[in-house]
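Below is one structure, written out as structure tokens; comments come after it.
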Amino acid sequence: MKYEKSCGAVIYRRNGAENEYLLVFNKKAGANGHWGFPKGHREGTENEYETAAREVFEEIGISVVFCGNTKATTTYSPREGITKDAVYFLATPKNNTNIKLQYSEIAEYRWCKFVEAKSLLTYDAPILEKLSSF
């Protein structure tokens with residue numbers, strides 16, 4: 001069994017009395033793509049935070065501030081013979097939200113309130129539920 005690990009972030013911002021969450025539509029994930037959070041594979045000796053920060057910046061062009069060690073992990077099998085952990089940290093945009101998509105992987109993005117985000121997420125609704133409670 002091969003093991004893989006990806007790291008990313010559940011990014012939120014305050015909009016009035018509610019939080020909004022940044023979702024991305026990953027067009028490389030299968031024929032139809034899916035809504036999720038920015039994430040990607042570790043490179044070299046990166047730790048989980050470094051991987052998440054780099055992947056967020058590569059995919060959507062913003063820097064984030066992590067909310068302490070608030071994270072959630074999901075384990076799944078993306079293909080036969082592979083087990084994968086995806087680690088997500090709760091984060092906020094560092095300075096601005098001027099999104100610059102990596103079009104080779106991400107088709108679009110959307111800021112969503114919790115209910116809309118939960119309904120759009122293809123696989124990561126449990127991650128949103130866990131991290132939105134902090």
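Before moving on, here are some points about what is shown:
- Residue pairs exceeding 28 angstrom between C-alpha atoms, taken from LYS2/LYS100; LYS2/LYS113; LYS2/LYS39; LYS39/LYS94: LYS2/LYS100; LYS2/LYS113.
- When the alpha-carbon atoms of the range 14-53 are used, the pair Rg, Dmax equals 14.0, 41 angstrom.
- For the range 1-57, applying the loop criterion from DSSP together with a ceiling of 14 other beta carbons within 10 Å to the GluC sites (Glu not before Pro) yields GLU43.
- Diagonalising the gyration tensor over the Cα atoms of the range 37-105 and scaling each eigenvalue by 5 before taking the square root yields semi-axes of 22, 15, 11 Å, largest first.
- Helix content alone sets the calculated 222 nm mean residue ellipticity of the chain: runs of n ≥ 4 DSSP H residues at -39500 (n - 2.57) each, divided across all residues, give -6000 deg cm²/dmol.
- The range 70-134: equivalent-ellipsoid semi-axes (sqrt of 5 x gyration tensor eigenvalues, Cα, Å): 22, 17, 13
- Local electrostatic count at GLY40 - Lys and Arg +1, Asp and Glu -1, tallied over other residues with Cβ under 15 Å: -4
Every number in this text was worked out from the coordinates using simple rules, so none of it is lab data. Just so it is clear, the model here is predicted, and its values are computed rather than measured. Positions of Cβ are backbone-derived with ideal geometry, glycine not excepted, and every protein chain shown enters the neighbour counts.
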